Amino acid sequence: LGEGHSWMGSIRQDLGQLEASEAAFRRSLEIWAGLAQQGIDARHAEKAADGALLLADALFLQGERVATIELQRRAVEAFARLQRDDPENARYARGHYKAQCNLADGLRQDGWSAEPVELLLGCAQGLEALAEREPGSVLIGEFLAQARRLDTLRLLAQGDAGSALDRIEAARGWVEAQAGEGSFRLRTVSSAVRIGETYGQVLAALGRDDA
């Protein structure tokens, strides 16, 4: 039931039905959180953390930034506990780093203060290590590309457009690899679009004619 509501939330979101998407994700999170509180299976806590991130995305699309950040923090803390209990679990690590990147993205809207920078650098480093362990993982590759996109924005904010170009080129490498393999899905298309937009910002900052 929890999975079913989650899938419905994703479908509604793809259709642009944001309120219905939020309701489905909220119900899914309620189910997983209730199971997680029983402490029977760590996977329930993992699903609840994932559910918090999905609901956060749905709220972000509706402009609910404060609630978005609260849910992202909740996910970071939940995945951190899971990772402490099972440090060799790559899935927990991947979820933790993704949650950190999402929270950094939310917080940086108020400027690149110490907290979003620390979160971003931590998740980027962790994802780099995971990518070395699982070089063929599309999901890890996507998360790492988004971390590099965020780091590009940080460097742009610091006025370092040259380093920003290097960073976004690395992210674009993942996009080109996915396109070459014909493995694009709706989610990866969305990631590719954001990377492309950031690439345009870098080119504009450099005064390039092809921006």
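The values are calculated or read from the model by the stated rules, or taken from the named source; none is laboratory data. Predicted model, so just to flag it, every value in this text is computed and none were measured. Here the Cβ is made from the backbone with ideal geometry for all residues, glycine too, and neighbour counts use every protein chain on show. Note: accessible area is taken over every heavy atom of the protein model, side chains too, but ligands, DNA and RNA are not part of it. Shrake-Rupley method; radii C 1.70, N 1.55, O 1.52, S 1.80 Å.
Couple of notes before you dig in:
- Computed about its Cα centre, the charge dipole of the chain is approximately 260 debye, with only Lys, Arg, Asp and Glu carrying charge at their Cβ.
- Over the chain: helical MRE at 222 nm, DSSP H runs n ≥ 4 each giving -39500 (n - 2.57), nearest 500: -28000 deg cm²/dmol
- Gyration tensor over the Cα atoms of the range 78-132: the corresponding equivalent ellipsoid has semi-axes (square roots of 5 times the eigenvalues, largest first) of 22, 12, 8 Å.
- Average accessible area per residue (Å²) across the chain - probe 1.4 Å, nucleic acids and ligands excluded: 52
- For the pair Gln17 and Val193, a Förster radius of 25 Å applied to the C-beta separation gives a FRET efficiency near 0.80, rounded to the nearest 0.05.
- In the chain, Cα pairs under 8 Å separated by at least six residues give a relative contact order of 11 percent.
- Estimated FRET transfer efficiency when R0 is 41 angstrom, pair Glu77-Arg208 (beta carbons, to 0.05): 0.50
- For Asn89 and Gln38, a Förster radius of 25 Å and the Cβ-Cβ distance give a FRET efficiency of 0.80, rounded to the nearest 0.05.
- Each Cα pair of the range 30-114 feeds into the Kirkwood radius, which the Stokes-Einstein equation turns, at 25 °C and 0.890 mPa s, into a diffusion coefficient of 188 µm²/s.
- Set of the range 96-138 residues, backbone N closer than 12 Å to the point 7 Å along the Cα-Cβ line of Arg65: 106-112
- Debye intensity ratio I(q)/I(0), log10, the chain, q values 0.15, 0.16, 0.18 Å⁻¹ (C-alpha model): -1.02, -1.15, -1.41
- Protection-proxy order for peptides 93-106, 75-88, each taking the mean of Cβ atoms within 10 Å per residue, highest first: 93-106, 75-88
- Estimated at 0.36 nm per residue, the fully extended path between Ser163 and Leu121 surpasses their Cα-Cα distance by 13.6 nm.
- Average projected area [Cα convex hull, the range 1-55], square nanometres: 3.1
- Dipole of the chain, positive direction: furthest Cα of Val66, Asn89, Gln38, with charges on the beta-carbon: Gln38
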